[in-house]
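The values are calculated or read from the model by the stated rules, or taken from the named source; none is laboratory data. These numbers were taken from a predicted model, which means no experiment stands behind them. Backbone-built Cβ (ideal geometry, glycine too); neighbour counts: all protein chains shown. Keep in mind that these areas ignore ligands, DNA and RNA; they rest on the heavy atoms of the full protein, side chains included. Shrake-Rupley method; radii C 1.70, N 1.55, O 1.52, S 1.80 Å.
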Amino acid sequence: MRGPVGSLPPAVWIDWFAQAGLDVVWRVYGEPAELTAAVPEDYSGWFLQLRDRLGTDDGGLMVRSLSVADGLTSVTISGQWSDVALLWRVASSGLAALPGVQFSCGNVAGAGAEWPEYLRRLPDPNVPLETDEAGGVDDDALQPTARVSVGAERGPPGEG
């Protein structure tokens, strides 16, 4: 996401999840929930997690980076697909709805308006992933990371 500093406060994320009917909280890895008001302006390294999973999961959806350059803000989110698929979809949909968004995920990049089509091609978070003969899932292939940039008249992230 790109925009003025402070244009993506922690409460915005909580609102996106609430609109989707999810009770999500901020946390540091392995720690209990924090009040949204206590989350710092730079919440790089913080996680979003369903409140009811706090006791069973140390992480959640990670805000891998939140940076400011040239007056614009960029955010990168990531997480293990089997653990955070629903959170990833809601957060990335919220980001994609911001004006002027540009995104990249792996070798896919484009404008926010194209993001819903990309999300439709990802596995359904409500359907178990297929397993191999040994009963394992290639979860390493399902660790999406999205870098989202908003507000700039630029090409996909990494160009310019």
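Residues in the stretch 34-52 that are more than 14 Å from the chain's Cα centre (by Cα) and open to solvent by less than 40 Å² (accessible area, probe 1.4 Å): Val39 alone.
Taken over the stretch 98-118, residues that are assigned to a loop (DSSP other than H, G, I, E, B) and more than 15 Å from the chain's Cα centre (by Cα) amount to 3. Of the residues making up the stretch 14-34, those that are in a helix (DSSP H, G or I) and more than 11 Å from Gln49 (Cα to Cα) are Asp15, Trp16, Ala18, Gln19.
How about the stretch 62-98: which of its residues are in contact with a helix residue (DSSP H, G or I) (Cβ under 8 Å, 6 or more places away or on another chain) and modelled with pLDDT under 75? Within the stretch 62-98, Gln80, Trp81, Ser82 qualify.
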